Amino acid sequence: MKRITKLILSLIMLIFLTSCQTNQSKVYVFIYDMNDPFITALSDHITRIGENYYPMQTHDAKNSQIIQNEEIERVLELNPRLLIINPVDRLGAYPIINKAKSMDIPIIFINREPLEVDLDLYDHAFYVGAKAEQSGILQAEIVSDLFGNQPTNLNKYDLNDDGIIQTLIFKGEQGHQDAELRTEFIISTLTDDNFQVEILKTNVSNWNQDIAYKDALELLPQYENQFELIISNNDAMAIGVIRAMIELSMFVDTNSDGYIDKENEPWYPVIGIDGIDEAVEWIQTGHLYATVLNDASNQAYATIALARVILEGIDPETVDIDIVDEHYVWVDYKKYSLVS
Ligand code: BGC
């Protein structure tokens with residue numbers, strides 16, 4: 001009997017130790033909201049690439065910082081190797097960095113950039129992402145090409161021929177670095193290049209397709225015959241606006257060939273950012289004029305490469321990443337459209 005009890009106890013111990021070891025060897029990924037299509041793509045790439053090197057476990061905070069904090073607290077008790085965090089609120093990074101620092105656990109933030117002062121608190125806190133300004137600048141280049149590249153002599157897309165581009169902007173979440181900087185840089189780049197731009201309205205639709213759809217259904221009729229361009233901070237909102245425009249007959253496939261021909265069918269230019277799969281389909285049908293590729297697959301590659309640098313002491317050059325200012329790995333945006 002004694003022997004059996006001893007055996008059971010050793011078995012329990014073994015299971016406990018193995019599970020501790022597995023948890024410690026895992027890389028944990030905390031995602032702000034799996035309902036966000038760009039983020040789902042990024043998270044899928046991270047898991048796919050990460051699994052080549054580490055057991056991966058992903059947590060979805062469902063857009064709640066409280067849930068995310070609880071999940072991180074719980075995982076920290078398991079003494080994990082490394083955390084990859086897409087914070088719900090980028091200002092929420094501060095207490096997480098302090099806690100991880102006290103336990104000597106490295107963190108890589110993705111997509112939602114913590115404040116520089118917060119990252120500077122801990123030499124094992126990093127950010128992998130894309131420079132928001134760059135996406136605004138690339139969107140501005142697309143607009144400039146569309147309107148003929150001559151700021152003082154706009155082409156036929158200046159519908160009212162007043163020499164000014166009238167636009168509606170659909171903005172992501174307030175305070176998110178991408179929403180703020182994309183909105184700022186598309187306009188400042190165009191005006192620096194001597195284009196005149198009139199923002200009829202900047203509408204915050206929180207990155208979300210359904211919110212943008214509902215907002216657009218209300219807004220577009222108010223500005224009908226005034227706007228000449230829709231700028232969206234991301235593809236999801238651009239698609240929401242397109243759905244509303246189809247309903248409002250602002251896009252009409254008059255010859256039913258499955259394609260909106262901007263030369264002879266009702267059409268307005270809509271420009272997004274991200275290059276998610278659904279956006280590519282809307283480009284192919286002529287509804288979405290262009291987007292800027294927010295390179296989820298390269299961001300995921302860089303995130304895992306950085307994890308390997310931190311955990312295995314690999315030289316960053318051998319995995320083709322550049323750590324800038326001790327905390328940052330930047331991945332470039334690219335223009336994406338069917339027109340050149
Ligand atoms: C993407 C958005 C996404 C947001 C989430 C941005 O970089 O462009 O589509 O909703 O990140 O944080």
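We did not get these values from a lab; they are worked out from the coordinates using the rules stated. Computed from a predicted model, the values in this text were never measured in an experiment. Cβ: placed from backbone, ideal geometry, glycine included. Neighbour counts: every protein chain shown.
Structure values in brief
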quantity: J(HN,Hα) series, the stretch 311-318, from Karplus relation 6.51 cos²θ - 1.76 cosθ + 1.60, nearest Hz, glycine and proline x; calculated: 7, 10, x, 6, 6, x, 4, 5
quantity: Those residues of the stretch 92-111 whose amide nitrogen sits under 15 Å from the label point placed on residue 77, 7 Å along Cα→Cβ; calculated: none
quantity: Acute angle (nearest 10 degrees) that the helix 177-192 long axis makes with the longest principal axis of the chain, alpha-carbon atoms; calculated: 30 degrees
quantity: Cα-based helix-to-principal-axis angle, 93-103 vs the chain, degrees rounded to 10; calculated: 20 degrees
quantity: Residue order, fewest to most surrounding Cβ atoms within 10 angstrom, among 99, 171; calculated: 99, 171
quantity: Packing-based order for 41-49, 234-242, 320-328, using average beta carbon neighbours within 10 Å, highest first; calculated: 234-242, 41-49, 320-328
quantity: Surrounding net charge for residue 134, when Lys and Arg each add one and Asp and Glu each subtract one, Cβ distance under 10 Å; calculated: +1
quantity: Helix 37-50 vs. the chain, principal-axis angle (Cα, 0 to 90°, nearest 10); calculated: 40 degrees
quantity: Longest to shortest principal axis, alpha-carbon extents of the chain, angstrom; calculated: 91, 42, 33
quantity: Sequence-separation-based contact order of the stretch 132-293, relative, with Cα cut under 8 Å and 6+ spacing, percent; calculated: 22 percent
quantity: Computed over the chain: relative contact order in percent, which uses C-alpha pairs under 8 Å that are six or more apart; calculated: 16 percent
quantity: Relative packing of peptides 182-194, 297-309, 216-228 - highest average C-beta neighbours within 10 Å first; calculated: 297-309, 182-194, 216-228
quantity: Residues 170, 109, sorted so that the one with the fewest Cβ neighbours within 10 Å comes first; calculated: 109, 170
quantity: The stretch 132-293: antiparallel DSSP beta bridges as a percent of all, rounded to 5; calculated: 0 percent
quantity: Members of 214/262; 131/171; 171/262; 26/99; 26/334; 214/334 lying beyond 21 Å, as alpha-carbon distances in this model show; calculated: 214/262; 171/262; 26/334; 214/334
quantity: Estimated vicinal HN-Hα couplings, Hz - the stretch 237-252 in sequence order (Karplus 6.51, -1.76, 1.60; Gly, Pro = x); calculated: 5, 4, 5, x, 5, 4, 4, 5, 5, 5, 4, 8, 6, 8, 10, 9
quantity: Computed FRET value (nearest 0.05) for residue 210 with residue 155, which takes r as the C-beta separation and R₀ as 22 Å; calculated: 0.05
quantity: Scattering curve values for the stretch 132-293, log₁₀ I(q)/I(0), Debye with Cα scatterers, q = 0.11 Å⁻¹; calculated: -0.38
quantity: Sites residue 223 and residue 257 - FRET efficiency at Förster radius 30 Å, r taken between beta-carbons, to 0.05; calculated: 0.55
